[in-house]
1. Quick one: which residue in 71, 76, 121 is within 16 Å of ligand 1 (Cβ to nearest atom) and modelled with pLDDT of 95 or more?
2. Conditions: (1) open to solvent by less than 10 Å² (accessible area, probe 1.4 Å); (2) outside any strand (DSSP E or B); (3) more than 17 Å from residue 127 (Cβ to Cβ). Residue 433 meets all but one. Number of the miss?
3. Give segment 177-206 a look and list any residue that's farther than 29 Å from residue 85 by Cα, assigned to a strand (DSSP E or B) and under 25 Å from the mean Cα position of the chain (by Cα), or say none.
4. If you take the residues in segment 354-374 that are in a strand (DSSP E or B) and of a type outside the set (A, V, I, L, M, F, W, C), which one is farthest from ligand 1 (Cβ to nearest atom)?
5. Hey, any hits in segment 276-293 for a residue that's within 26 Å of residue 463 (Cα to Cα), hydrophobic (A, V, I, L, M, F, W, C) and open to solvent by 30 Å² or more (accessible area, probe 1.4 Å)?
6. Which condition breaks for residue 421 when tested against (1) among the acidic types (Asp, Glu); (2) within 30 Å of residue 141 (Cβ to Cβ); (3) open to solvent by 20 Å² or more (accessible area, probe 1.4 Å); (4) under 19 Å from the mean Cα position of the chain (by Cα)?
7. If you scan segment 121-161, which residues turn out to be closer than 18 Å to residue 412 by Cα, open to solvent by 50 Å² or more (accessible area, probe 1.4 Å) and assigned to a loop (DSSP other than H, G, I, E, B)?
8. In the list 214, 154, which residue meets the criterion of being of a type in the set (Ser, Thr, Tyr) and either touching a helix residue (DSSP H, G or I) at 6+ places or on another chain (Cβ under 9 Å) or at positive phi (or both)?
Amino acid sequence: MTQHAVARLDQLDPNRPLRVQAGSEELILIRQGDLVHAYQANCPHAGAPLEEGVICSGLLVCPWHKAAFAVDEGAVCEPPALADLRRYRAWVKGDEVWVDDQPLAKAEPPRHSDARCFVVVGAGAAGSAAVATLLRHGFAGRLVWLDQEHQPAYDRTALSKFVIAGQMPPDEVPALLEADDLRKGHLIRQHGKVRTLNSEKRQIILADGQHIDYDACLLATGGKAQRPALPGADLPGVFTLRSREDAALLLDAAEPGQPVVIVGDGFIGLEAAAALRKYGLQVHLVTRHEVPLAKQLGERIGRSIRELHERKGVVFHGPTEVERFEGQAKVEAVLLANGERLQAPLVLLGTGVKPATAYVQGVALADDKSLPVNAEMRAAPGLWAAGDIATFPLADRPVRIEHWRLAQQHGVIAAANMLGEQRRYEDVPFFWTYQHGRTYEVLGHARDWNRIEFVGQPEQGDFVALQCVDEQVEAVIAKGYSDAMAQLSQRMKRPLRLDEALKLIG
Ligand SMILES: Cc1cc2nc3c(=O)[nH]c(=O)nc-3n(C[C@H](O)[C@H](O)[C@H](O)COP(=O)(O)OP(=O)(O)OC[C@H]3O[C@@H](n4cnc5c(N)ncnc54)[C@H](O)[C@@H]3O)c2cc1C
Ligand code: FES
């Protein structure tokens with residue numbers, strides 16, 4: 001280990017980390033009064049440069065997807081990162097900041113003997129965050145982590161952005177937990193599909209007949225991509241996109257230059273349109289709306305997104321609907337209600353998901369087949385639910401939201417509560433989407449907004465849009481404005497007025 005003088009103390013701004021080089025290690029320095037902390041320079045989630053993050057309320061907030069880390073010890077406090085920052089010894093000598101170039105050893109939590117068995121069903125966003133939390137808290141009982149996929153626990157969000165664009169091989173999609181984490185405690189990763197869960201008996205039966213009795217269980221089985229009940233929807237060549245396997249099959253079938261019809265102008269449909277254009281296909285998007293995403297993001301932003309797609313060569317067909325998919329041995333054409341017939345050997349359905357809860361017994365499901373939970377993510381005694389399958393109270397109103405980071409927030413809270421805490425969902429939903437090289441971010445969840453205020457122009461470049469009910473900010477949509485969005489990810493945990501938000505955005 002070597003010691004390095006890496007900066008002068010007066011170079012450090014208490015609101016912004018500084019990136020420095022210590023031998024071959026890249027670090028960030030954070031000043032807290034007379035103390036200096038040193039951490040790894042890139043976010044453990046997807047590698048964002050943390051010197052572009054913002055320090056607020058004792059947290060370092062990542063510029064990309066708003067993971068938050070405690071400034072004083074680097075502990076991860078909010079997903080999508082699931083690991084603490086590597087920490088390096090740092091000290092001040094005279095006016096110089098010195099660091100070691102090797103990280104400090106990680107302190108492991110004490111593991112007391114524990115006879116309980118916890119089961120986490122689902123190794124997607126929520127399940128992985130829950131398992132990471134249980135292991136970080138030193139849960140020493142038996143922890144069974146089930147999933148029906150052979151190699152689960154990967155970043156599903158990369159599928160529609162990079163994998164089907166041909167930019168990331170399906171087997172190189174980043175894993176959610178590090179191999180070291182998976183060796184902690186009594187973690188048993190098990191491949192298997194849950195056939196029934198009986199909440200009264202606290203018992204799970206797998207498709208192969210195996211029984212698992214549990215003391216506490218988290219259900220995080222996510223959404224099942226829907227195929228519309230239309231003639232030909234099951235023809236070979238008609239794909240959905242949820243899993244790594246789905247993405248690999250779609251990519252195998254896709255040939256640059258050939259036409260593809262994408263059905264649905266939601267986030268998956270639009271991301272897939274951008275990615276498949278990038279891969280060189282002729283993309284036809286069948287939409288029910290004149291303006292995509294108008295309901296979620298407002299007319300003006302939706303229109304600017306449509307124009308972006310059109311500039312990149314995506315052809316919109318709509319407002320209309322599919323009447324049927326035609327073909328003999330495989331799909332050959334899509335017939336639309338407006339009379340158009342689109343010839344294509346490949347179709348991708350972006351027609352929504354249904355909560356994957358068909359196996360649940362003993363708990364009443366909501367009309368949309370989701371599991372209603374309280375703010376502690378509890379569905380029944382000994383049973384928690386998180387992520388896309390959970391209808392939970394947000395500002396006291398029940399809602400189901402399909403967002404990656406939110407599913408992870410749920411998973412963290414549910415896991416803490418399985419261990420006996422009483423944590424409630426008091427966080428801010430966050431969503432991002434990546435289309436034709438642009439990232440749009442949404443903080444909050446506006447249900448009945450009646451007003452939208454802009455800073456910047458969505459048609460031209462970076463902007464922030466504040467969706468409000470009168471003077472109250474409900475959600476913020478942005479392209480760029482990374483500092484403001486990082487600060488808002490924390491500030492929006494409390495009610496925020498429009499004038500204050502505008503001041504913060506600057
Ligand atoms: C292609 C794609 C891109 C996306 N991009 C974004 C994005 O950019 N930003 C964003 O915020 N959100 C995005 N989302 C949404 C986000 O991925 C979901 O909201 C999130 O994955 C929900 O997490 P979850 O844990 O509830 O479910 P999932 O992540 O879907 O995990 C559920 C797991 O449960 C397993 N499972 C299901 N049924 C069973 C069973 N019976 N037995 C055993 N295992 C079972 C599944 O195999 C799966 O591994 C995207 C979704 C998709 C499909
Ligand atoms: S890269 Fe930091 S939260 Fe995603």
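1. Sole residue among the options that is within 16 Å of ligand 1 (Cβ to nearest atom) and modelled with pLDDT of 95 or more: 121.
2. Only one criterion in (1) open to solvent by less than 10 Å² (accessible area, probe 1.4 Å); (2) outside any strand (DSSP E or B); (3) more than 17 Å from residue 127 (Cβ to Cβ) is unmet by residue 433, namely (2).
3. Listed by number, the residues that qualify are 191, 194.
4. Only one residue fits best here, namely 372.
5. Checking segment 276-293: not a single residue is within 26 Å of residue 463 (Cα to Cα), hydrophobic (A, V, I, L, M, F, W, C) and open to solvent by 30 Å² or more (accessible area, probe 1.4 Å).
6. (4)
7. Matches in segment 121-161: 137 only.
8. 154
The values are calculated or read from the model by the stated rules, or taken from the named source; none is laboratory data. Given the structure is predicted, the values throughout are model-derived calculations rather than measurements. We place every Cβ from the backbone using ideal geometry, glycine too, and count neighbours over all the protein chains shown. These area figures cover heavy atoms from the full protein model, side chains too; ligands, DNA and RNA do not enter into them. Shrake-Rupley method; radii C 1.70, N 1.55, O 1.52, S 1.80 Å.
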